[in-house]
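The values are calculated or read from the model by the stated rules, or taken from the named source; none is laboratory data. As the structure is a computational prediction, the values presented were derived from the model and not from experiment. We place every Cβ from the backbone using ideal geometry, glycine too, and count neighbours over all the protein chains shown.
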Amino acid sequence: MDARARRSKIWENFTQVESEGEVKLQCNHCMKVIGCYPNKNGTVSLWRHIKMCSKRNLQD
Ligand SMILES: [Zn+2]
């Protein structure tokens, strides 16, 4: 598994935003903010969102 390739895929789908001093990630498709910075385990919820994101599915 290429962790870097996987991670760059995250950045195709999410934008890093700062809110109230916290780093969060915003979905590029539905603009939903996921309150989770990707750390060791944090990307799981991001991938789950990408799979579920209806706006993204429409684009595909
Ligand atoms: Zn989304």
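Observations on the model:
- The requirement of being within 16 Å of the ligand (Cβ to nearest atom), modelled with pLDDT under 85, not in a loop (DSSP other than H, G, I, E, B) and not aromatic (Phe, Trp, Tyr) is not satisfied by residue 8.
- Among the residues making up the stretch 36-48, those that are surrounded by 12 or more Cβ atoms within 10 Å (Cβ to Cβ) and either at pLDDT below 85 or touching a Cys at 6+ places or on another chain (Cβ under 6 Å) (or both) are 36, 37, 38, 42, 43, 45.
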